[in-house]
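One structure is given below, encoded as C-alpha cells.
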Amino acid sequence: MAKKIIVLPGDGIGHEIMGSAIEVLKRIAEKYGHQFEFEQHDIGGSSYEKHGEPLTDNTVDACLDADAILLGAIGGPKWDNIPTHLRPEQGLLKIRKALNLFANIRPIKGFAPLLHASPLKESVINGSDIYVVRELTGGLYFGEPSERREDGNVVVDTLLYHRHEIERIVEKGFESAQLRNKHLTSVDKANVLESSRLWREVVEEKKANYPDVTVEHMLVDSAAMKLITNPTQFDVIVTENLFGDILSDEGSVLTGSIGMLPSASLSETIGLYEPVHGSAPDIAGQGIANPLGMILSAAMMLRYSLDLNEEAVAIEKAVEKSLEAGYYTSDLNIENGKQVGTKEMTEIVIGNI
Ligand code: NAD
C-alpha cells in the first residue's frame with residue numbers, strides 16, 4: 001500500500017517526537033510491505049519564522065492532498081508577544097477550520113505497567129477506559145467577536161454553535177459508543193448556558209436513532225470531579241470544544257503523564273493525528289521528551305485514515321511491551337524502572353514491533 005503522509009513537526013519537542021513516529025512507521029512499512037511517503041511542512045512558530053505566518057496556504061493545500069497528517073506540537077514563549085493573528089496557536093486553529101476537522105478523538109486508557117505512576121490511587125483508575133469525543137471547530141475558540149473594548153478593560157469572547165455542528169459531533173459520540181461499551185455521557189453546562197441547552201436538546205433528539213446506547217447528561221463541573229474520583233463509570237464522553245479540551249487534559253493523569261496521550265482530529269474525509277500535549281518548551285532540545293503519545297497517534301492514523309488495524313495494534317502492543325519491560329521517560333513517576341531518553345525509547349518500541 002502506498003500512502004502520502006504530511007508531517008508537521010511544529011515547535012519545541014515537536015521535532016524530536018516526530019522523528020520517533022517516522023522511524024516507527026518506517027519499521028511498520030518494512031514489516032508489512034507498505035510504502036509511506038513523508039512530506040514535511042511548517043506550522044506554528046517555525047512557520048512564522050520562515051514564512052511570516054503560522055500556517056501557509058501551501059501547507060493547507062498539501063494537507064488536503066494527503067492520505068493523512070501527523071502533527072507534533074506548536075507554540076513557545078518566543079512567540080508570546082507577537083500579534084495575536086500571527087501566534088503559533090492560530091496555525092492550529094486555522095488548519096482545523098480549513099480541513100473541517102470537527103471531531104477530536106482522545107482515548108484515555110492507562111497501560112497496566114503505568115497504573116502506579118498516576119497520582120491517583122491504582123484502585124480508582126484500574127479498569128478505566130475512556131473515549132473523549134470533543135467538538136473542535138466551533139464554540140468559544142472560534143466565535144466572533146473575540147476582542148477587547150473600552151481601552152482593553154472590557155473583553156468579549158463569543159460562544160457560537162450552529163445546530164448542524166452539534167448534530168454531527170453528537171452522532172459521532174453515539175456511533176463511537178455503539179462500537180464500544182454502549183454508554184454515552186454528554187457533558188454540558190445546561191443549567192447556565194443557552195448553547196448547552198441546545199446541545200442537550202440535540203442529544204435527546206438523536207438518542208432514538210441509537211436504541212442500544214444508554215445516555216447520561218452530566219454538568220461539566222460534576223464531570224470534572226467524577227473523572228478523577230470514579231473514572232470507570234465513563235465509556236464515551238461527548239462534549240463541546242472548551243469543555244473537551246479541559247476534561248481530556250485532566251484525564252491524562254489517569255495515564256501517568258500527558259506525554260502518553262494520542263489524539264485524532266477527523267473530518268468526513270481526512271484525519272490529523274497529534275499527541276494531546278503541547279510543545280513542552282521547558283524540556284525541548286534535551287532529548288528526554290516522551291515520544292509515546294506521538295507514536296500512539298501514528299497508530300491511530302494507521303487505524304482510522306489508512307485502514308491498517310493490524311499494524312496499529314502492532315504499535316500499541318510494542319509500546320505496552322516496552323513499558324512492561326520497565327522502560328520509562330523522565331515525565332513518568334516510576335519506581336524501579338530503567339529511565340531512557342526519546343531516542344532510546346523509540347528504538348525499544350521499534351525493537352518490539
Ligand atoms: P505542555 O503540554 O507543552 O507541557 C506541560 C508539561 O508537561 C511540561 O512540564 C512539559 O515538559 C510536560 N510534557 C508535555 N509533553 C511531554 C512529553 N511528551 N514528554 C515529557 N514531558 C512532557 O503544555 P504547556 O506548557 O501549557 O504549553 C507549552 C506550549 O505548548 C504553549 O505554547 C502552548 O500554547 C502549546 N500547546 C500546544 C498544543 C498543541 O500543539 N496541540 C497543545 C497544548 C499546548
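For the chain, modelled as a GNM whose springs connect Cα atoms under 10 angstrom apart, the maximal fluctuation among 123, 279, 196 occurs at 123.
Counting only DSSP beta bridges whose two residues both lie in the stretch 119-254, roughly 20 percent are antiparallel. The alpha carbons of the stretch 200-267 give a radius of gyration and a Dmax of 13.5, 38 Å, in that order. Working note: 222 nm ellipticity from helices only, DSSP H runs with n ≥ 4, each -39,500 (n - 2.57), summed and divided by the residues of the chain, gives -12000 deg cm²/dmol to the nearest 500. Taking the inverse of the mean reciprocal distance over all distinct Cα pairs, the Kirkwood hydrodynamic radius of the chain comes to 20.8 Å. For the stretch 252-342, the alpha carbon convex hull comes to 103 Å³ per residue, rounded to a whole number. Residues whose amide H lies under 5 Å from that of residue 327, counting only those 5 or more places away or on a different chain, are 338; hydrogens are built 1.01 Å from N in the peptide plane. P(r) tail, the stretch 1-139: Cα-Cα pairs separated by more than 27 Å, 35% of all pairs. Between residue 289 and 342, the built amide H atoms are under 5 Å apart, and every one of these is 5 or more places off in sequence or on another chain.
Here the residues 331, 157, ranked from fewest to most Cβ neighbours within 10 Å of their Cβ, fall in the order 157, 331. Candidate membrane-span-like segments in the chain, meaning DSSP H helices with Cα atoms spread over at least 20 Å of their own axis and a Kyte-Doolittle mean of -0.5 or above, are 14-32, 309-324, with no membrane implied. Going by neighbour counts of Cβ atoms within 10 Å, the residues 243, 142 line up, fewest first, as 142, 243.
Once the Cβ-Cβ distance of residue 250 and residue 321 is raised to the sixth power relative to R0 = 25 Å, the FRET efficiency obtained is 0.35. Which FRET efficiency value, to the nearest 0.05, is calculated for residue 267 and residue 153 with the Förster distance at 35 angstrom and r the Cβ-Cβ distance? So the FRET efficiency works out to roughly 0.35. Residues whose amide H comes within less than 5 Å of that of residue 132, counting only those at least five positions distant or on another chain, are 106, 108, 237 (H built at 1.01 Å from N in the peptide plane). Of the residues 179, 191, 138, the one whose Cα sits farthest toward the positive end of the charge dipole of the stretch 137-285, with +1 on the Cβ of Lys and Arg and -1 on the Cβ of Asp and Glu, is 179. Ranked for footprinting exposure by Cβ neighbours inside 10 Å, fewest first, 37, 135 give 37, 135. Across the stretch 119-254, Cα-Cα pairs more than 22 Å apart make up 40 percent of the total. The count of lysine pairs in the stretch 119-254 that are at least 8 places apart or cross chains, and whose C-alpha atoms lie under 23 Å apart, stands at 12.
Read-outs: derived from the displayed coordinates by stated rules, not from any lab. Here the structure is a predicted model, which means the values were calculated and not measured. Glycine also receives a Cβ, built like all others from the backbone with ideal geometry; neighbour counts cover every protein chain displayed.
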